[in-house]
Structures are given as structure tokens and as C-alpha cells.
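Undergrad: Could you have a look at this structure, given as C-alpha cells, before my questions?
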Amino acid sequence: MIYTVTFNPAIDYVVRLDRPLEVGEVNRAAGEDCVLGGKGINVSGVLRELGCESVALGFVAGETGAWLERGLAAQGLRTDFIHLAEGMTRINVKIKAGTETELNGAGPSIPESAMQQLEAQLDTLQPDDILILAGSIPKSLSQSTYERLLAGLEGHGVRAVVDATQDLLVNVLPYHPFLIKPNDHELGEIVGRELKTDEEITAAARALQEKGARNVLVSMAGNGALLVDEHGEVHRIGCPKGKVVNSVGAGDSMVAGFVAGYLQSGSYEQALRLGTACGSATAFSLGLATKEKIEELFGQI
Ligand SMILES: Nc1ncnc2c1ncn2[C@@H]1O[C@H](COP(=O)(O)OP(=O)(O)O)[C@@H](O)[C@H]1O
Ligand SMILES: O=P(O)(O)OC[C@H]1O[C@](O)(COP(=O)(O)O)[C@@H](O)[C@@H]1O
């Protein structure tokens, strides 16, 4: 079974302007949509489109949390969220005005008792299960939070996928995650320099492998992606052509496609192709990638 964990789920409030955003002024939207999101939840949504079952775990709170949970159930997603007694699941504002501006909320605090509930859920995972830890954590938690979960699972034979930034990601490397997926900017932040060429990206990805990561997938938005696999082989892929509508969730879609592709084929090359089809299918759609859009783009890669 595949489990995704979203510590800080979100309702993505996507607002479209038909002119550039004017900071400090009243801006009137041309239209708006609400998308139920958060990185792990997005991964679960795209996995479902690919015919892979998953359970979305994580923390929800308040009326927005109830809305999120109800909405995901209506979409047919399996969830097993922990309910926090205080606070509210955040609303993240995504402004599409030619360029994309994001305003992501802080999210509710997660008390130690709720952390322990999550650990009890993860204790039931079986060898060969896949655990996907994706997204930020509320400020109240330490940057060793993902590390703590992987330390607790050592020896269980669970394969971990981690999509996070900075220390939250770096701290899990000694636990040999099966896959990490920084984008090129996040990878640059980790190694402390701007990465401009494929050679520089490859060298930085290898540095994270030396610290313990098995496969490092570096996404580069419209420039495609680069994978350094666990055998040291470098795979480079571009993107299919299309009109970008909303790239929120493209990275999560790529993670879903990569995992599903690898489970189906055992091939990193195929995993990268399906990951790319899913990432671009989301970038070219208002919400997340659909099965039809993924199949259409997969045929073009
Ligand atoms: N503008 C785009 N055009 C085509 N494909 C895209 C675009 N943006 C993202 N994608 C696809 O989605 C993948 C992940 O996107 P990226 O923006 O790098 O992830 P993240 O959201 O994690 O920063 C890319 O590698 C690519 O396959
Ligand atoms: O565009 P990406 O990186 O795939 O992720 C998009 C998702 O991540 C979020 O931006 C939240 O990100 P964080 O958890 O890192 O704050 C959600 O609002 C959105 O659904």
C-alpha cells in the first residue's frame, strides 16, 4: 500500500486576474476556484488517476478541515486524518496574473499527542509499503520531524519518498529515502549555490546521494527534469508542449507518476516518463492531472 502524509493540508484558493497584480491596490478577480490540496493529498489524487490505491494521512482542523475531508471523500480518496482540537486547516492563495504568486498559510499547531497518533498509524506499515512525506510542516514543529518518523520506521522495510525543503529534507538523508524530489531552486538552496547547468545539478544531486538518498529527482518546471538514479546513471528529460494553465501541484503530480511508473515497470526511465507526463498534465490543467490528459501527454514523450 502507498501512504501519503500531509502535515499541513490546504484549500488552494486559485484566483485569476486578467491583468498584472498591483500590490497595495484593490485587484478584482476574473474568476476563482477552490482546489483541495497540500502536497501529499495532491500525490494521492494523481495516484488515483493512475489506478494506484493510496491512503492519505495527516492532520486537519476546524471547518476548513471538515470541508477538505468531505471533499476528498466525495472524490473517492481514502483518508485517515488525525483531527486537531484547535486551529483551522489553512487556505493557500494562488494568484494567476500572468505570473503566479503564492501566499501559503502557516497552518495549525500539532501537539505532541497528535504526533504520537501519527506514529502509531505508521507503526502498522508493512515491508514494501511506500510512505510519501510531502510538503511543509507547521512552524510549531521541529525540522527533524520527518527524520523522527523515518527513524521510527528503520528496519520495517518501508520505502520512503520525501518532498520537502532545506533541513526538513536534509535531515532524512541518513535514513536512505528511496526518492527525494527537490526542484532546482530547492536543491541550490541546500548546496548553497545557484545551479545553472545540468552538470552543476548532477553534481549537487550526487552530493545528496553521498549523504544517503537513493534516487534524486530534480524537477525544473518548464525545463523538464533530471534524475540521478541509485546506480549513478543520469537521465534527462524535457517536457511535452502545451499551454500552462496552473502549475500548482505539478511537482506532486510528478512524484505520483514517478512512483506509479516505477511500481508498474521497475524501470527508472519509464518512471521518469510517467512522472513528466503527470507533472505537465497538471501544469496544463486548472486542477490536478486527469487520466485522459496524462495518457495524451505520455504518448508525446
Ligand atoms: N511550465 C511547464 N510546462 C511543462 N511542464 C511543466 C511546467 N511546469 C512544470 N511542469 C512539469 O512538472 C514537473 C514538476 O514541476 P516543478 O515546477 O519543477 O515542480 P515543483 O512544483 O515541485 O517546483 C516538471 O519537471 C515538468 O515535467
Ligand atoms: O506546486 P507543488 O510544489 O507541487 O505543491 C503544491 C501544493 O503545495 C502547496 O503549495 C503547499 O506547499 P507547502 O506544504 O510546501 O507549504 C499547496 O498549497 C499546493 O496544493
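Values quoted throughout were computed directly from the atomic coordinates according to the rules given, and no laboratory measurement underlies them. Model, not experiment: these values are computed from the prediction. Quick reminder, even Gly has a Cβ in these numbers, built from the backbone with ideal geometry, and neighbours come from all protein chains shown.
Undergrad: Within 10 Å of each residue's Cβ, count the other Cβ atoms and sort THR79, THR4, THR290 from fewest upward.
TA: Ordered by Cβ neighbours within 10 Å, fewest first: THR290, THR79, THR4.
Undergrad: Under the rule a/c < 1.5 gives rounded, and otherwise a/b versus b/c splits prolate from oblate, where does segment 167-298 land using the Cα gyration tensor?
TA: Judged from the Cα gyration tensor, segment 167-298 comes out prolate (a/c at least 1.5, a/b above b/c).
Undergrad: Does segment 38-107 come out rounded, prolate or oblate by the C-alpha gyration tensor, with a ≥ b ≥ c the root eigenvalues, rounded set by a/c under 1.5 and, if not, prolate when a/b is larger than b/c and oblate if not?
TA: Judged from the Cα gyration tensor, segment 38-107 comes out oblate (a/c at least 1.5, b/c at or above a/b).
Undergrad: Taking the simple approach of a point 7 Å from Cα along Cα-to-Cβ for both LEU103 and SER142, what is their distance in nm?
TA: 3.4
Undergrad: Here's a follow-up. Which whole-Hz couplings ³J(HN,Hα) result when phi for each residue of segment 88-100 is put into the Karplus expression 6.51 cos²θ - 1.76 cosθ + 1.60, θ = phi - 60°, listed in order with x for Gly and Pro?
TA: After applying 6.51 cos²θ - 1.76 cosθ + 1.60, I find 9, 4, 6, 10, 9, 9, 10, 9, 9, 9, x, 9, 9 Hz.
Undergrad: Right, another one. Placing +1 on the Cβ of each Lys and Arg and -1 on the Cβ of each Asp and Glu in segment 1-141, which of PRO127, ILE95, SER140 has its Cα farthest towards the positive end of the resulting dipole?
TA: ILE95
Undergrad: Please report, in debye to the nearest 20, how large the charge dipole of segment 42-180 is about its Cα centre when each Lys and Arg carries +1 at its beta carbon and each Asp and Glu carries -1 there.
TA: That gives segment 42-180 a dipole magnitude of about 400 debye.
Undergrad: Can I ask one more? Take ASP129, ASP167 and order them by how many other Cβ atoms sit within 10 Å, fewest up front.
TA: ASP167, ASP129
Undergrad: So, with +1 on the Cβ of K and R and -1 on the Cβ of D and E, and no other charges, what is the size of the charge dipole of the chain about its Cα centre, to the nearest 20 debye?
TA: In total the dipole reaches around 520 debye.
Undergrad: Going by C-beta contacts inside 10 Å, put ARG193, ARG28 in order with the fewest on the left.
TA: Exposure proxy ranking, most exposed first: ARG28, ARG193.
Undergrad: Given springs between every Cα pair under 10 Å in a Gaussian network model of the chain, which of LEU133, LEU195, LEU150 has the largest fluctuation?
TA: Among LEU133, LEU195, LEU150, the largest GNM mean-square fluctuation belongs to LEU195.
Undergrad: Cross-link partners among lysines for LYS96, C-alpha distance below 27 Å, same-chain residues fewer than 8 apart left out?
TA: By straight Cα distance, LYS96 reaches LYS39, LYS139, LYS181, LYS196, LYS241, LYS243, LYS291, LYS293.
Undergrad: Say R0 is 51 Å: what FRET efficiency, to the nearest 0.05, do VAL191 and CYS34 get from their beta-carbon distance?
TA: In this case the efficiency is close to 0.90.
Undergrad: Check which residues have an amide H placed less than 5 Å from THR4's amide H, if you skip close sequence neighbours.
TA: Correct list: VAL55, ALA56, LEU57, ILE132.
Undergrad: Could you tally the net charge around ALA277, taking each other residue with its Cβ under 10 Å from the Cβ of ALA277, Lys/Arg +1 and Asp/Glu -1?
TA: Combined, the nearby Lys, Arg, Asp and Glu give 0.
Undergrad: Now a separate question. Report the charge-dipole magnitude of segment 144-235 in Debye, nearest 20, computed about the Cα centre from +1 at each Lys and Arg Cβ and -1 at each Asp and Glu Cβ.
TA: Dipole of segment 144-235, to the nearest 20 debye: 240 debye.
Undergrad: Answer with one residue from GLY212, MET1, LEU195: the one whose Cα lies farthest towards the positive end of the charge dipole of the chain, charges on Cβ with Lys, Arg +1 and Asp, Glu -1.
TA: Farthest along the dipole direction, towards plus: LEU195.
Undergrad: Within segment 54-137, which GluC sites (Glu not before Pro) sit in a loop by DSSP and count at most 13 neighbouring Cβ atoms inside 10 Å?
TA: Here the GluC sites (Glu not before Pro) that fit, given the DSSP loop and packing criteria, are GLU86.
Undergrad: Of the candidates ALA106, ALA283, ALA271, which one comes out as most mobile in a Gaussian network treatment of the chain with C-alpha springs shorter than 10 Å?
TA: Looking only at ALA106, ALA283, ALA271, the biggest GNM fluctuation is shown by ALA106.
Undergrad: Related question: Please name which of LEU274, VAL158, GLY299 has its Cα lying farthest along the dipole of the chain towards the positive end, using unit charges on Cβ (Lys, Arg +1; Asp, Glu -1) and the Cα centre as origin.
TA: GLY299
Undergrad: Just to be sure I understand the model, the point goes 7 Å from the Cα along the line to the Cβ. What's the resulting VAL244 to LEU286 distance in nm?
TA: 2.0
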